[in-house]
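Presented below is the structure to which this report refers.
The values are calculated or read from the model by the stated rules, or taken from the named source; none is laboratory data. Owing to the predicted nature of the structure, the values given are computational and were not obtained by experimental measurement. Counting neighbours? That spans all protein chains shown, and the Cβs are built from the backbone with ideal geometry, glycine included. What goes into the accessible areas is simple: the full protein's heavy atoms, side chains included, and nothing from ligands, DNA or RNA. Shrake-Rupley method; radii C 1.70, N 1.55, O 1.52, S 1.80 Å.
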Amino acid sequence: MNNDLQETRDFLQQISYDINVFFAKYFDGSIAWIFQVTSKILVLLAFYFIVDLGIRLFFNFLYKIIKKDKYPFVEALYQSKFPRAMAHVIALGLCSFALDSIFYKNMHPATKSILDVIVQIGQLIVIGSAGLRLYKSVEIYYILIKENYKLIAFKAVSQTLKIFGGVILFFIAIKIVFKINSGTILGSLGAITAVMVLVFRDTILGFVTGIHVATSKNLKVGDWIGIPKYNIEGNITDISLLTTKIVNFDKTVSTIPTYDLMSTEIRNYQVMTEGNLRRIKRSMIFNIKSFQFLTKEDYERLEKVNLISDYIITKKNEIDSEKLDLHNADNMLNGQQLTNIGVFRKYAENYLRNNPNIEQKEIILVRQLEITPQGMPLEIYCFTIYSNLEDYERVQSDIFDHLLVATHDFGLEVIQVNKV
């Protein structure tokens, strides 16, 4: 290995010597020096691009022979172009080695100092770029293996490191360009710590929120959520360090501060979607003046309704049996009686229990709510077997279409329909 490096150094030194001799032969003084330096820069750039291309071809060869299905991280590395960034790092490192052979021998100190700064800054840039590519490859890896909660945690950590890493690289660049002592820079950082905390307040809060979301597993990218505070309902498309992006159902895009995910009420409907169930909770408001006891004609008519015929017959027999021993049995207020609203409530419940679009293992309720100045609400509470919006709305509309029309046969007057 040492022999190869020495041979490379000797080869570059020979090129440098030949360049010096060639231009010294045809030009004089400073003009020869300009051509010599320019030519050596072109040689160095050619050396850089040749080495960079060779390393990239080698990485591409490895990529083709590796089983990417078995190693998804390799696929993530190539999708993020990390091997290309590493080729830049290695090529520039070798250029730094070649610099001594091509330029530094018998070179003016000022020129050497400028070239040192340029190469070091270049190395800093390509190393920072490689770090960003590596960060992107880990993010792509979690997407490939569908680890959404780990992806959120990684984004919270990595984006924080990305910001502070950028700050550190910035101060290193200042150190290189202005040749400032590291202790001086650290002392300056201590002086501006309070300002940095103020500036990066949202970043710190976003970092904490990202960790909380990932560990609690309450939310992830793709979840259907609702945020009453902002009147937002849609799917999460991205949770970054500072903002969370939500695509609403009207195809608009909303962004909220990420730290709001920890301090604001969030309704996550994803569990309902994954369980393929969706709740119906809606009421019909009746005019109380339309409530009445069933008459003989009502009994005869409703006995022909299949969903409640058995119920009507059973209750009628109970009432008739009770009246045999009841004083003033002809008075409707004496003894038990059936009302049109009560029978309709039973009809609505049986209708839901016989509806194939309603999940029978979940709660099915038809209940009276507190009476309001508008009337008495009768609430339908059940779950459809569909969670997607189209089927859910179709089933809900079919149910209320039927029940609203059915109220006429029970002598009931609907004032309005409110969605709860």
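Here are the numbers for the structure shown:
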read-out: Residues (in contact with a strand residue (DSSP E or B) (Cβ under 6 Å, 6 or more places away or on another chain) and among the β-branched types (Val, Ile, Thr)) located in the range 236-263; value: 236, 237, 243, 244, 246, 247, 253, 255, 256, 258
read-out: Filtered residues of the range 121-154 (kept if more than 30 Å from residue 91 (Cα to Cα) and at pLDDT 75 or above); value: none
read-out: Residue 247, sole failed condition from (1) buried (at least 17 other Cβ atoms within 10 Å of the Cβ); (2) at pLDDT 85 or above; value: (1)
read-out: Filter result (over 30 Å from residue 388 (Cα atoms) and of a type in the set (Lys, Arg)) within the range 274-326; value: 289, 296, 301, 304, 315, 316, 323
read-out: From 310, 298, residue being of a type outside the set (Lys, Arg) and more than 22 Å from residue 405 (Cβ to Cβ); value: 310
read-out: Evaluation of residue 63 against (1) at pLDDT below 70; (2) over 24 Å from residue 97 (Cα atoms); (3) open to solvent by less than 100 Å² (accessible area, probe 1.4 Å) (one fails), failing number; value: (1)
read-out: Only listed residue being farther than 20 Å from residue 129 by Cβ and assigned by the TED database to the domain that holds residue 18, chosen from 83, 72; value: 72
read-out: Number of the exception - residue 264 against (1) at pLDDT 80 or above; (2) loosely packed, with under 15 Cβ neighbours inside 10 Å; value: (1)
read-out: Matching residues, the range 368-384, being more than 23 Å from residue 309 (Cβ to Cβ) and in contact with a strand residue (DSSP E or B) (Cβ under 7 Å, 6 or more places away or on another chain); value: 368, 369, 374, 375, 376, 377, 379, 381, 383, 384
